[in-house]
1. For every other residue with a beta carbon closer than 13 angstrom to the beta carbon of A:Ala144, add +1 if it is Lys or Arg and -1 if Asp or Glu, then tell me the sum.
2. Could you tell me which of the pairs A:Lys142/A:Lys175; B:Lys12/B:Lys75; A:Lys74/A:Lys142; A:Lys179/B:Lys80; A:Lys74/B:Lys80 are separated by over 23 angstrom between their Cα atoms in the structure shown?
3. In chain B, what trypsin sites (Lys or Arg not before Pro) fall in a loop by DSSP, with at most 11 other Cβ atoms inside 10 Å?
4. Order A:190-197, A:210-217 from most to least packed using the mean count of other Cβ atoms within 10 Å.
5. With 10 angstrom as the radius, rank B:Glu31, A:Glu75 by how many other C-beta atoms surround their C-beta, starting from the fewest.
6. May I ask for the net charge around A:Val188, where only other residues with Cβ less than 12 Å from the Cβ of A:Val188 are counted and Lys, Arg are +1 while Asp, Glu are -1?
7. How many percent of DSSP beta bridges within chain A run antiparallel, rounded to 5?
8. Counting C-alpha atoms alone, how compact is segment A:14-247: give Rg to one decimal and Dmax as a whole number, in angstrom.
Amino acid sequence: MAFPYSGSILQGHSVLVTGATGGIGRAIVSNLAQSGATVFAGGRNKVALDSLVEEVAGKVVPVDYDVTDENAVKEVFRTIQARQSDPDVGNFVGLVNNAGEMKEAGLVASNMELLRLQMSVNFYAAYQHMQLASRLMVRHRKGAIVNVVSQIGEQGGAGLSAYSASKAALTGATKSLAKELAPFGIRVNAVAPGFISTPMTAHYTQLQRDDVYSRVALKQSGTPQQVADAVLFLLDQCAGYTTGHVLPVDGLFQA
Amino acid sequence: MAVKSTMSNQQKLVQAFCDALGVSSQTVNDELQYNTIREWDSTGHMVLVSELETVFNVMLDTDDIIDMSSVAKAKTILAKYGVSL
Ligand SMILES: NC(=O)c1ccc[n+]([C@@H]2O[C@H](COP(=O)([O-])OP(=O)(O)OC[C@H]3O[C@@H](n4cnc5c(N)ncnc54)[C@H](OP(=O)(O)O)[C@@H]3O)[C@@H](O)[C@H]2O)c1
């Protein structure tokens with residue numbers, strides 16, 4: 001996508017991206033910063049956050065916290081609330097719930113701890129972020145939320161029942177909150193990646209990759225940049241009449 | 001909207017209710033309760049919470065948001081966050 005493109009509502013406004021230090025997160029932060037937004041970049045790894053700030057051109061504010069720590073999440077939103085009056089930061093208009101955990105385990109080998117971890121990071125944390133973000137957006141009657149879900153959540157995947165359940169929960173919340181928050185001018189959408197080359201999928205062997213590609217119409221993996229472009233589209237005004245939508249970025253994947 | 005910097009907290013509270021719910025200041029008294037006027041429904045409540053948080057620079061807990069069932073109750077809750085009314 002060419003930056004900055006005209007009419008970007010992100011210009012001069014602020015957004016929060018979770019999982020900013022991951023493969024897809026870095027691309028999202030870079031896209032949003034280039035479009036003129038001040039990006040609060042959330043992550044747990046301070047060193048990785050600092051290098052992100054150095055690498056990305058534009059305004060990136062690192063926020064070092066664990067998305068499952070409810071008090072830390074409140075603190076982050078307090079910071080954003082306080083800082084949005086700074087003209088250099090601007091009104092808070094966007095949230096990208098991108099932090100995620102994927103733990104593969106068949107039903108027989110899975111345990112409640114793995115289920116809880118994935119539900120906590122992929123769903124409960126995203127839900128709390130939407131709750132607090134929407135309260136800041138309501139004031140200006142303007143905002144957009146994009147949740148990074150998964151084709152595994154949409155279609156299911158053997159050995160990924162806990163992960164798919166957590167992502168399907170987020171898809172459900174996306175569709176419901178799109179309806180609930182529409183009267184306040186807040187849009188809620190999701191992107192559903194298929195197989196994207198990032199640290200999350202780095203452990204896949206060539207054999208496993210070939211198996212995945214055989215089920216992808218475009219016969220290859222996607223890139224973090226392609227996911228980030230879809231996120232930018234849904235966040236910005238070019239998708240101003242789109243809400244409650246789950247946009248696949250999957251090369252037409254069949255799980 | 002009145003100039004908020006010169007207003008007392010009590011005046012800011014009334015103004016926040018007026019701005020959020022679109023009602024006149026005469027409507028806003030301690031006895032005014034959630035869901036007793038058309039303007040203060042669940043949608044109005046969300047706007048009200050957002051307005052109070054911005055005006056008083058606080059972030060309310062969910063339990064307090066649920067509990068905020070009247071103007072009097074809003075005062076008690078805000079006091080917990082250090083807002084003297
Ligand atoms: N890659 C794919 O094929 C694919 C497909 C579909 C959906 N997705 C989704 O896309 C999103 C991004 O994934 P990715 O591929 O970019 O994976 P990644 O490189 O592993 O990045 C995941 C990010 O989430 C962060 N995170 C995890 N738990 C966290 C916690 N408790 N608190 C704060 N941050 C936390 C990680 O931070 P740390 O570095 O601190 O762990 C990391 O920055 C995820 O939601 C994932 O489920 C990915």
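Readers should treat all values here as calculations from the given coordinates under stated rules, not as data from a laboratory. Model, not experiment: these values are computed from the prediction. Neighbour counts are summed over all protein chains in view; Cβ atoms, including those assigned to glycine, are modelled from backbone coordinates with ideal geometry.
1. Surrounding charge for A:Ala144 is +2.
2. Checking Cα-Cα distances, A:Lys179/B:Lys80 exceed 23 Å.
3. Those satisfying the criteria are B:Arg38.
4. Ranked by mean Cβ neighbours within 10 Å, highest first: A:190-197, A:210-217.
5. B:Glu31, A:Glu75
6. +2
7. So the antiparallel bridges in chain A amount to around 5 percent.
8. Taking only Cα atoms of segment A:14-247, I get Rg and Dmax of 17.0, 54 Å.
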